[in-house]
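Novice: Let me begin by handing over the structure; questions about it come next.
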Amino acid sequence: MQRHDTIGRFGRGAVACACGGLLAMGTVATTFGQCGSGGSCFELHGPGCDDFDCCMAVCGFDSFCCNINWDGFCVSEAQTYCTAAPILGPFVHPTNGNSYFILDDATWSGAQNGAAALGGHLVSIRDAAENEWVLQTVLGLGLGPNYWIGLNDIANEGNFVWAGGQAVTYLNWLPGQPDSSGNEDAVHVLDSLGQWNDLPVAAVRISVAEVEQYFCGDPDAGSCTTIHITPFCSDSDCCEYVCSIDPYCCNSQWDGLCANEGAVGCSFQQIAGPIVNPATGRRHTMFSTGGWLYADIKATEMGQSIVTVRSQQENEFLRRFFGQSVPGFGVNNIWVGLNDVDVEGTFVWTSSEPFTFANWALGEPTNSWFEDSVLLAGSTGAWYLTPGSNISPSVTESGGFAVCGSGGSCTSMHGPGCDEEACCNLICEFDSYCCTTMWDEDCVGHATLRCSPSVIMGPFVNPVTKHAYYGVSAAMWTEAERFANQLGGHLAVPNTPAENAWIAANFLQIPNPLSSALIGVHDQMIEGVFQALDVTGPNPVSYAPWLLGEPNNQENEDMVHMQTSGGWNDITRWGVHPSVVEVPCLGDMDGDGLVGAVDLGILLGAWGFSPAMDLTFDGKVGAPDLAILLGAWGPCDTSNCCTVHGFGGCDQPGCTQCVCGIDPYCCNVQWDSYCVSESAIQCNGACQCGG
């Protein structure tokens with residue numbers, strides 16, 4: 001039996017009267033039960049096929065395909081109606097640069113399949129201008145205004161979305177539409193006004209396909225951390241970073257590897273700082289783990305740069321503060337700004353400053369396996385050349401002025417900048433005129449007030465800690481710490497109630513005292529997490545006698561100040577106050593008040609790298625440290641308040657005041673055994689002679 005004798009084949013566009021199939025306007029009169037199951041619509045097999053919309057369209061024209069067999073004619077019809085072929089185009093949009101194609105008659109699904117085959121989707125209309133441009137393009141080709149666009153509510157009735165995934169920002173419905181009459185889930189442009197109407201997906205129309213010309217930062221390009229079949233991603237900085245290490249992601253598609261590179265490498269969240277290096281006055285901030293190239297992009301956007309290391313002091317500052325002392329982060333290897341990205345073997349800083357200092361690890365730089373970015377090891381401070389695609393935290397730098405560190409004195413008027421780098425950077429952050437125009441009388445006034453600490457009391461030796469303490473005139477906290485470093489110590493850190501009481505008694509509670517005192521405690525790293533300074537760097541605070549209501553962080557208060565009572569409060573880094581400086585007995589490794597053979601053995605045993613035994617603060621133990629220890633050989637400085645001597649008073653003013661208030665003989669005649677006993681018992685808080 002010949003198939004044409006009983007059923008017949010109906011040409012495209014004809015009405016299949018015998019089977020009640022697909023009508024010219026796409027109204028489906030019959031539903032074929034075989035549709036949605038069975039084999040592929042593009043292969044030979046029994047009746048029906050797996051793509052419901054395609055099957056309905058084909059069987060609407062040719063019921064044989066659902067009643068008898070899915071033969072070669074059915075496959076051909078499926079190829080015609082279910083994957084629309086381009087017939088005109090591309091036409092490039094003058095604004096967005098995307099390419100548009102006119103596709104042959106097909107169902108909505110077939111049109112979308114055809115658009116996908118081109119690497120795109122049915123057109124997404126984002127605004128009235130694009131709607132008009134597409135309409136006029138179609139009309140200008142002599143085609144009628146009756147074409148599929150990408151809008152549909154197939155997944156959720158009434159919730160219209162674009163096939164390309166773009167946000168729905170514009171609609172141009174025909175009055176009374178959409179009405180979903182007869183389960184209408186797809187949208188076409190109906191008239192010469194460009195108005196829209198909904199239709200069944202099995203209707204057949206020409207269509208307009210859009211192929212996105214994506215670029216880094218394109219909001220339609222997809223997330224940088226998810227897979228999509230198109231190249232590029234929506235975060236321009238992350239996209240540029242990923243494609244710099246993996247060009248496939250911008251040349252072909254954003255696959256799983258690209259998404260992983262985006263998720264891992266494109267991280268730049270502030271996790272610590274900013275903290276000021278007292279030696280330079282520059283601010284440093286630590287950012288979360290990510291790739292070097294991405295960190296460089298983000299730092300530049302902020303008007304900063306990945307940190308430049310100019311000296312051993314700066315290198316050691318970075319190691320101590322960011323490599324080892326960020327609360328909750330352990331030991332970190334950190335990105336610095338040195339790299340040879342542009343010219344292999346030619347190292348430059350991202351700040352464009354000259355490359356004058358290096359701290360390469362043994363055997364570095366190796367320049368293998370695309371190694372072009374530099375890591376500072378948190379454990380040793382040594383530098384390693386590594387691929388920029390590796391991930392580590394980064395430290396940025398700001399607050400440096402090129403004119404600082406040269407020129408005239410900071411306490412006299414002259415051209416911009418002055419000779420003390422740290423003071424100059426701090427003053428110019430406060431008043432940029434001083435570095436951009438001239439160092440005038442206001443700049444001199446700032447420097448004199450904020451940057452000129454000097455010793456005005458002491459040294460007084462605490463009998464328990466065996467450290468010497470100095471009272472220092474008023475300055476900013478960072479300048480006071482810089483001065484303390486020059487004395488060989490740091491701003492004082494009271495670690496116990498006894499030490500805190502001793503400092504208050506000898507510096508704040510005597511005739512002509514310091515009015516108050518800056519101490520070596522701060523929360524510059526992480527707000528509310530206070531750290532104490534010592535010669536090895538910041539350490540957790542073990543004792544904190546805060547005043548009532550303190551710390552309150554008003555106006556970003558990151559530094560700590562001791563009042564006359566011994567209570568603490570937080571202050572801003574711009575506050576100008578006296579300070580107490582603590583200088584340890586350098587070389588006394590075991591803390592017994594004597595530099596001797598035991599200490600020599602400890603130092604020799606730590607030869608090489610051991611920050612706790614580093615007497616020169618350069619990150620390693622070597623000949624300079626040995627020279628300091630041998631030069632300090634013998635007893636450390638001590639206080640005579642705890643020993644008998646044949647004259648009145650002792651070398652701690654607070655202790656003297658307390659003891660002589662009880663027993664004037666100790667000041668008027670001599671400091672005898674009774675005075676020593678009173679130092680150890682009644683006045684131990686001020687004298688610390690009782691241990």
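Novice: Every residue in the range 139-162 that is open to solvent by less than 40 Å² (accessible area, probe 1.4 Å) and within 30 Å of residue 234 (Cα to Cα), please.
Specialist: If the condition is that a residue be open to solvent by less than 40 Å² (accessible area, probe 1.4 Å) and within 30 Å of residue 234 (Cα to Cα), then 147, 148, 149, 150, 151, 152, 153, 160, 162 are the ones that fit.
Novice: All but one of (1) open to solvent by 10 Å² or more (accessible area, probe 1.4 Å); (2) out of contact with any Pro (no Cβ under 6 Å at 6 or more places or on another chain); (3) more than 21 Å from residue 686 (Cβ to Cβ) hold for residue 526; which doesn't?
Specialist: (2)
Novice: I've got another one for you. Quick check on the range 337-360: of everything there that is of a type in the set (Phe, Trp, Tyr) and out of contact with any helix residue (DSSP H, G or I) (no Cβ under 9 Å at 6 or more places or on another chain), which residue is least open to solvent (accessible area, probe 1.4 Å)?
Specialist: Out of the qualifying residues, it is 349.
Novice: If you don't mind, there's one more thing I want to ask. So which residues in the range 431-450 are farther than 20 Å from residue 570 by Cα and touching a helix residue (DSSP H, G or I) at 6+ places or on another chain (Cβ under 7 Å)?
Specialist: 431, 434, 435, 443, 446, 447
Novice: Right, next: Whether any residue in the range 230-237 is modelled with pLDDT under 90, in contact with a Gly (Cβ under 7 Å, 6 or more places away or on another chain) and surrounded by fewer than 24 Cβ atoms within 10 Å (Cβ to Cβ) is what I want to check.
Specialist: Within the range 230-237, one or more residues are modelled with pLDDT under 90, in contact with a Gly (Cβ under 7 Å, 6 or more places away or on another chain) and surrounded by fewer than 24 Cβ atoms within 10 Å (Cβ to Cβ).
Novice: Another one. Mind counting the residues in the range 268-313 that are assigned to a loop (DSSP other than H, G, I, E, B), touching a Phe, Trp or Tyr at 6+ places or on another chain (Cβ under 9 Å), open to solvent by 10 Å² or more (accessible area, probe 1.4 Å) and over 29 Å from residue 245 (Cα atoms)?
Specialist: Of the residues in the range 268-313, 3 are assigned to a loop (DSSP other than H, G, I, E, B), touching a Phe, Trp or Tyr at 6+ places or on another chain (Cβ under 9 Å), open to solvent by 10 Å² or more (accessible area, probe 1.4 Å) and over 29 Å from residue 245 (Cα atoms).
Novice: Going by what's in this entry, would residue 319 be described as of a type outside the set (A, V, I, L, M) and open to solvent by 10 Å² or more (accessible area, probe 1.4 Å)?
Specialist: no
Novice: If a residue must be touching a residue at least 24 places away in the same chain (Cβ under 8 Å) and either open to solvent by 60 Å² or more (accessible area, probe 1.4 Å) or within 26 Å of residue 372 (Cα to Cα) (or both), how many such residues does the range 218-229 contain?
Specialist: 5
Novice: Please list, ordered by first then second residue, the pairs with beta carbon atoms under 6 Å, 6 or more apart or interchain, first in the range 46-62 and β-branched (Val, Ile, Thr), second open to solvent by less than 10 Å² (accessible area, probe 1.4 Å) and in a helix (DSSP H, G or I).
Specialist: Between residues of the range 46-62 that are β-branched (Val, Ile, Thr) and residues that are open to solvent by less than 10 Å² (accessible area, probe 1.4 Å) and in a helix (DSSP H, G or I), the close pairs are 58/65; 58/74; 58/78.
Novice: Is it the case that residue 102 is at pLDDT 90 or above, among the hydrophobic types (A, V, I, L, M, F, W, C), under 20 Å from residue 189 (Cα atoms) and open to solvent by less than 30 Å² (accessible area, probe 1.4 Å)?
Specialist: It is true that residue 102 is at pLDDT 90 or above, among the hydrophobic types (A, V, I, L, M, F, W, C), under 20 Å from residue 189 (Cα atoms) and open to solvent by less than 30 Å² (accessible area, probe 1.4 Å).
Novice: Could you say which residue among 363, 345 is without any contact (Cβ under 8 Å) to a residue 12 or more places away in the chain and not polar (S, T, N, Q)? Walk me through how you get there before you give the answer.
Specialist: Values: 345 fails: without any contact (Cβ under 8 Å) to a residue 12 or more places away in the chain.
Exactly one residue qualifies, and that residue is 363.
Novice: What single numbered condition from (1) aromatic (Phe, Trp, Tyr); (2) over 16 Å from residue 152 (Cβ atoms); (3) at pLDDT 90 or above fails to hold for residue 196?
Specialist: Answer for residue 196: the failing condition is (2).
Novice: Return the residues of the range 168-215 that are open to solvent by 30 Å² or more (accessible area, probe 1.4 Å), within 19 Å of residue 132 (Cα to Cα) and within 44 Å of the chain's Cα centre (by Cα); say none if nothing qualifies.
Specialist: 168, 169, 170, 171, 172
Novice: Can you name the residue in the range 407-423 that is in contact (Cβ under 8 Å) with a residue 40 or more places away in the chain and not in a loop (DSSP other than H, G, I, E, B) and, of all such residues, is nearest to residue 277 (Cα to Cα)?
Specialist: 422
Residue by residue, here is whether (1) of a type in the set (A, V, I, L, M); (2) in contact with a helix residue (DSSP H, G or I) (Cβ under 7 Å, 6 or more places away or on another chain); (3) over 27 Å from residue 429 (Cα atoms) holds:
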residue	(1), (2), (3)
521	yes, no, no
524	no, no, no
530	no, no, no
548	yes, no, yes
553	no, no, no
564	no, yes, yes
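Novice: Further question: How about the range 512-613: which strands (runs of 3 or more DSSP E) wholly inside it have at least 2 residues that are at pLDDT 90 or above and under 34 Å from the mean Cα position of the chain (by Cα)?
Specialist: Here the list reads 517-526, 529-534, 559-562, 568-571.
Novice: So how many residues does the range 452-492 have that are in a loop (DSSP other than H, G, I, E, B), open to solvent by 10 Å² or more (accessible area, probe 1.4 Å) and not charged (D, E, K, R)?
Specialist: Qualifying residue count for the region: 9.
Novice: Which members of the range 647-691 meet the condition of being open to solvent by less than 30 Å² (accessible area, probe 1.4 Å), touching a residue at least 24 places away in the same chain (Cβ under 8 Å) and among the hydroxyl-bearing types (Ser, Thr, Tyr)?
Specialist: 679
Novice: Next up: Out of all the residues in the range 111-134, which are among the small types (Gly, Ala, Ser) and touching a residue at least 60 places away in the same chain (Cβ under 8 Å)?
Specialist: Scanning the range 111-134 gives 111, 114, 115, 119, 120, 124.
Novice: For the range 128-135, does any single residue satisfy the condition of being open to solvent by less than 50 Å² (accessible area, probe 1.4 Å) and either among the hydrophobic types (A, V, I, L, M, F, W, C) or over 43 Å from the mean Cα position of the chain (by Cα) (or both)?
Specialist: yes
Novice: Among the numbered conditions (1) part of a loop (DSSP other than H, G, I, E, B); (2) out of contact with any Leu (no Cβ under 9 Å at 6 or more places or on another chain); (3) crowded, with 17+ Cβ neighbours inside 10 Å, tell me where residue 78 comes up short.
Specialist: Here residue 78 clears every test but (1).
Novice: Moving on to the next point. So residue 391 ticks every box in (1) open to solvent by less than 30 Å² (accessible area, probe 1.4 Å); (2) in contact (Cβ under 8 Å) with a residue 60 or more places away in the chain; (3) more than 30 Å from residue 433 (Cβ to Cβ); (4) not acidic (Asp, Glu) but one. Which box is left unticked?
Specialist: Condition (1) is where residue 391 drops out.
Novice: Mind listing just one residue for me: the one in the range 564-612 that is hydroxyl-bearing (Ser, Thr, Tyr) and either free of Cβ contacts under 8 Å to residues at least 60 places away in the same chain or under 30 Å from residue 422 (Cα atoms) (or both) and, of those, surrounded by the most Cβ atoms within 10 Å (Cβ to Cβ)?
Specialist: If we take residues in the range 564-612 being hydroxyl-bearing (Ser, Thr, Tyr) and either free of Cβ contacts under 8 Å to residues at least 60 places away in the same chain or under 30 Å from residue 422 (Cα atoms) (or both), then 579 is surrounded by the most Cβ atoms within 10 Å (Cβ to Cβ).
Novice: Another one. Can you tell me which of 518, 449 is crowded, with 24+ Cβ neighbours inside 10 Å, in contact (Cβ under 8 Å) with a residue 60 or more places away in the chain and over 22 Å from residue 640 (Cβ atoms)?
Specialist: Matching residue, one of 518, 449: 518.
Novice: If you go through the range 395-406 one residue at a time, how many are part of a loop (DSSP other than H, G, I, E, B) and in contact with a His (Cβ under 6 Å, 6 or more places away or on another chain)?
Specialist: Final tally of qualifying residues: 0.
Novice: Now a separate question. Would you call residue 201 touching a residue at least 12 places away in the same chain (Cβ under 8 Å), part of a loop (DSSP other than H, G, I, E, B), in contact with a strand residue (DSSP E or B) (Cβ under 6 Å, 6 or more places away or on another chain) and under 30 Å from residue 226 (Cα atoms)?
Specialist: Criteria met by residue 201.
The values are calculated or read from the model by the stated rules, or taken from the named source; none is laboratory data. Source: prediction; values computed, not measured. Quick reminder, even Gly has a Cβ in these numbers, built from the backbone with ideal geometry, and neighbours come from all protein chains shown. The protein model used for the area step is the full one, side chains on, heavy atoms only, and it has no ligands, DNA or RNA in it. Shrake-Rupley method; radii C 1.70, N 1.55, O 1.52, S 1.80 Å.
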